[in-house]
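All remarks here apply to the structure that follows.
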Amino acid sequence: MTRTTWFTLLTAAAVSACATPTPEQQVVNDASSALGGRDRILAVKMLVIEAEGSNGNLLQDMTPEAAGQAFIVSGYTRSIDMATGRARTEQTRTPNFAYFQGQAPQKQVLGIDGDVGYNVAANGNATRVSNTVAKDRRAEIHHHPLTVVRAALDPAARLTNPRTAGGERVVDITVPDGSTFTLAIDAATKLPTRVVSMTDNANLGDVAIETSFADYQDVGGLRLPARLTTKTDKYTTVSLRVTRQTVDGDAGSLAAPSAAASSAAITGPPPATVTVQEVAKGIWFLAGQSHHSVIVEFSDHLLLIEAPLNEMRTLAVIAKARELRPGKPLTQVVTSHHHADHTAGLRAAVAEGLTVITHKANAPFFEDAIRRAHTIAPDALARNPKPLRIETVDEERELKDSAMTVELYHVAGNPHADTLLMVYFPKERILVEADAFSPGAAVQPYAANLLENIRKRNLKVDRILPLHGTIAPFGDLVKTQAAK
Ligand SMILES: [Zn+2]
Ligand SMILES: [Zn+2]
């Protein structure tokens, strides 16, 4: 055998070993070739993406379907260290809507370094974020063609479920930490079109986070997308147009700042603290944390206003109501509006048997939220499924018996949300409202409209029970306008 023949046979053997990749390997191999080849991909140490674009206002927009509120993003730089799995995003975001923190640009630094997720505030102070947020940030690293294909090329990755759908070839990639990413590539160009991963959302349950890629360009021997769009469920959260991307440039250290790295891990929400203040006969203000609730006593039942923040807070508030009046069933919950932080306990309230009373524009959203699967982080309703009982309010509704009269009014035309209800007690001259007026806040972009609604309805208000902040005399709301 000549040397040449021996070499040829060896090459043939190697080729035949590679010539029959499994269908799932084939998807990864094709993606890898389209992006610049396995060796080029594995050689990358650092990717720096500069971009501009926008962030959506997830579950905090005008309607449950959203309505175009966005933070305009400038000065976006995302650095990803391929070897260490560290990543950091710096950006300035400017709300294009009346935001409760004002409309000044806000600088953000959001990082992940192994188990430690961190934010750096404008004053330079770094704080550790919860493990849940850190987990989502670790997943986000793989929401890019280069990182996800690189992960798929790792022999420790498990490739499963190859399929073809709608002009795409698709494969699931499970990385060593157990998380799974679905990679879709264009059947013709073989370039990655999307990455999808699943996460838990307190309001929406098991949700898909999907980043889609377009406008590929040549960068340092690679093909990289210049448009990246991320959605949580059906809501667009990030939309980026890349202005510059650099392979193996200097991004400085991506290590977590020591103040964050040395902080204890945050494994869950803080324990619920519920304070009780009786503000009138049969009306209790339940505060103690950032989001408050109100308990109302009718002759034969109790009503809860607001199931906010998280399941733990809402269950603590419900327990407190039952402790206040053990003999009376708590049967109903009124929601102030659809925003995620004000409704994160709604599923728990339904699990406790409460009927939901809400603005009619929220009904389809809540019906969907109650039906959704919560397998990633099972909640009270997932453990104890109950059907949703819902009653809706259009412009106004009265709840009345011999002991109590409560009037619910739509806060029409408020720039904070289209679904806002305020709750009025005509006899006690008390108004309960959320977000439209938060006593003590530096900026009150929604207060003028609240005042307008109160005057239009000719409501006689002495005191406001705000669902953020402390109880205030009506004059404090009036003063927000006088100061202008
Ligand atoms: Zn809100
Ligand atoms: Zn709020």
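The values are calculated or read from the model by the stated rules, or taken from the named source; none is laboratory data. Please read all numbers here as calculations on a predicted model, not as lab measurements. Note that we place each Cβ from the backbone using ideal geometry, even for glycine, and neighbour counts take in every protein chain shown.
Numbers for the structure displayed
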item: Members of the stretch 404-413 found to be farther than 15 Å from residue 432 by Cβ and surrounded by 13 or more Cβ atoms within 10 Å (Cβ to Cβ), listed by number; result: 412
item: Total residues in the stretch 26-79, condition among the acidic types (Asp, Glu) and surrounded by fewer than 17 Cβ atoms within 10 Å (Cβ to Cβ); result: 4
item: Inter-residue pairs, beta-carbon under 8 Å, first more than 13 Å from residue 429 (Cα to Cα) and in the stretch 450-469, second within 16 Å of ligand 1 (Cβ to nearest atom) and in a helix (DSSP H, G or I), 6+ apart; result: 467/342
item: Filtered residues of the stretch 427-464 (kept if of a type in the set (Val, Ile, Thr), assigned to a loop (DSSP other than H, G, I, E, B) and away from ligand 1 (no atom under 16 Å from the Cβ)); result: 461
item: Candidate set from the stretch 387-426 (those that are within 14 Å of ligand 2 (Cβ to nearest atom) and not in a loop (DSSP other than H, G, I, E, B)); member that is nearest to the chain's Cα centre (by Cα); result: 421
item: Complete set of residues in the stretch 315-342 that are in contact with a helix residue (DSSP H, G or I) (Cβ under 7 Å, 6 or more places away or on another chain) and within 16 Å of ligand 1 (Cβ to nearest atom); result: 335, 336, 338
item: Residue, modelled with the lowest pLDDT, within the stretch 79-123, restricted to residues that are within 18 Å of the chain's Cα centre (by Cα), among the hydrophobic types (A, V, I, L, M, F, W, C) and farther than 12 Å from residue 134 by Cβ; result: 100
item: Listing of strands (runs of 3 or more DSSP E) fully contained in the stretch 45-145 that carry 2 or more residues being under 28 Å from residue 365 (Cα atoms); result: 46-56, 70-81, 86-95
item: Per-region count, the stretch 293-342, residues of a type outside the set (Asp, Glu) and away from ligand 2 (no atom under 16 Å from the Cβ); result: 26
item: Any hit, the stretch 336-349, residues being at pLDDT 95 or above, surrounded by 14 or more Cβ atoms within 10 Å (Cβ to Cβ), hydroxyl-bearing (Ser, Thr, Tyr) and assigned to a helix (DSSP H, G or I); result: yes
